[in-house]
Amino acid sequence: MITHFFLSLLVVSLSDSFKSYPLPSSHIEKFFKFALTERDHVRGWFSSSLAASSSQSETDIPLTEKILRRTGFHLDLSDDKKKIEFGSTVTLTSRINQINKVDESKSLAQFISNPRRVASLIWDPLMIEKIDRPPGDTSNSVYYRLKLMKLYFVMITLQPHVDMKMMTKTSSSGSPKFMMESVAYEPNFNYLILAGSKEPITAESLSLKIKVVGVMKEDGSDDELLQGIVGFLVSGNLPRVLRIVPRLALGKVCKVICNTIVNKLSGSFETTAQEEYMKFEQADL
């Protein structure tokens, strides 16, 4: 009976997720096409830092690099189901039609030199909030809070926000490279309390951790191609009451959550990138 109850919750959770955030097959197919065909090309400009750690074991590789190395959905569930880790890494590409190719101040390189502008390409501007720089940070970095939609994980709902450090650095070739990395987060979760349940479920007991990282720049061989990689990872402890849920079912719930976020990231990137660049190009004209 208990197993049937949790499976019922699982079906409701999946149904609510799809109703609230439908995933058009064209978007999913587009994502996998990018991930498979553009992966090596996009990561060429990031290969120097990855190559430096290619001989390292998986545990020695920094988490940010580990996330960027991946392609698509990732799930790691311990044998005893006490710990879970899931996330996704998406490749973003957009061809930008430039009207003025002579004025360097209107180049694609200059376009991505503004962190706020790039942030608006990968996330809804209405869900981005500028926050204060932490004390002691003397870099040229800027900080923004990205707010996420409500996500469903069986008995648990999450509506997190993630504080991101964003900056633009000059690569060895002299072109700017946008980089971002999460520095703080708030899961903002609620859970269904079962009658007779004595297990307290808190953010601390779940040890929830959220990591987001991304890089973006123009292609070295094509100055009209904007390319980037964005990845995220969620990890924590599974409450005892969820460990009876079948492993396959847990994996499906995690995949729905990841696909919802990936769809948000990649669904309108190409269109948004062109629109934002046109605004940038026409400014001050």
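Taking the options L121, L146, L126, L151, name whichever one is surrounded by fewer than 20 Cβ atoms within 10 Å (Cβ to Cβ) and of a type in the set (A, V, I, L, M, F, W, C).
Going through L121, L146, L126, L151 in turn, just one is surrounded by fewer than 20 Cβ atoms within 10 Å (Cβ to Cβ) and of a type in the set (A, V, I, L, M, F, W, C): L126.
From (1) touching a Lys or Arg at 6+ places or on another chain (Cβ under 6 Å); (2) modelled with pLDDT of 85 or more, pick out the condition that doesn't hold for V90.
(1)
Among the residues of segment 176-226 satisfying the criterion of being in a loop (DSSP other than H, G, I, E, B) and at pLDDT 75 or above, which is surrounded by the fewest Cβ atoms within 10 Å (Cβ to Cβ)?
Selected residue: S207.
Does segment 244-262 contain at least one residue that is exposed (fewer than 15 other Cβ atoms within 10 Å of the Cβ), at pLDDT below 90 and on the phi < 0 side of the Ramachandran plot?
yes
Does segment 233-242 contain at least one residue that is in contact with a Leu (Cβ under 9 Å, 6 or more places away or on another chain) and of a type in the set (K, R)?
So far as segment 233-242 goes, no, none of its residues is in contact with a Leu (Cβ under 9 Å, 6 or more places away or on another chain) and of a type in the set (K, R).
Does V230 satisfy being in contact with a strand residue (DSSP E or B) (Cβ under 9 Å, 6 or more places away or on another chain), of a type outside the set (S, T, Y), crowded, with 19+ Cβ neighbours inside 10 Å and under 21 Å from M155 (Cβ atoms)? Quick ask: steps written out before the conclusion?
Values: in contact with a strand residue (DSSP E or B) (Cβ under 9 Å, 6 or more places away or on another chain): yes; of a type outside the set (S, T, Y): yes; crowded, with 19+ Cβ neighbours inside 10 Å: yes; under 21 Å from M155 (Cβ atoms): no.
So V230 does not fit the description; no.
Mind listing whichever residues of segment 159-175 are in a strand (DSSP E or B) and within 28 Å of G251 (Cα to Cα)?
Here is the first cut: in segment 159-175, the residues in a strand (DSSP E or B) are 161-170.
Within segment 159-175, H161, V162, D163, M164 meet the criteria.
Confirm whether G136 is closer than 29 Å to M278 by Cα and out of contact with any strand residue (DSSP E or B) (no Cβ under 9 Å at 6 or more places or on another chain).
no
How many residues are in contact with a Phe, Trp or Tyr (Cβ under 6 Å, 6 or more places away or on another chain) and more than 28 Å from C254 (Cβ to Cβ) if we restrict to segment 134-158?
Applying the first criterion (in contact with a Phe, Trp or Tyr (Cβ under 6 Å, 6 or more places away or on another chain)) to segment 134-158 yields 146, 155-156, 158.
Next, from what is left, pick out any that are more than 28 Å from C254 (Cβ to Cβ): none.
Going through segment 134-158 one residue at a time, the tally reaches 0.
The values are calculated or read from the model by the stated rules, or taken from the named source; none is laboratory data. Values in this document were obtained by computation on a predicted structure and should not be read as measured data. Every residue, glycine as well, gets a Cβ built from its backbone with ideal geometry; the counts of neighbours run over all protein chains shown.
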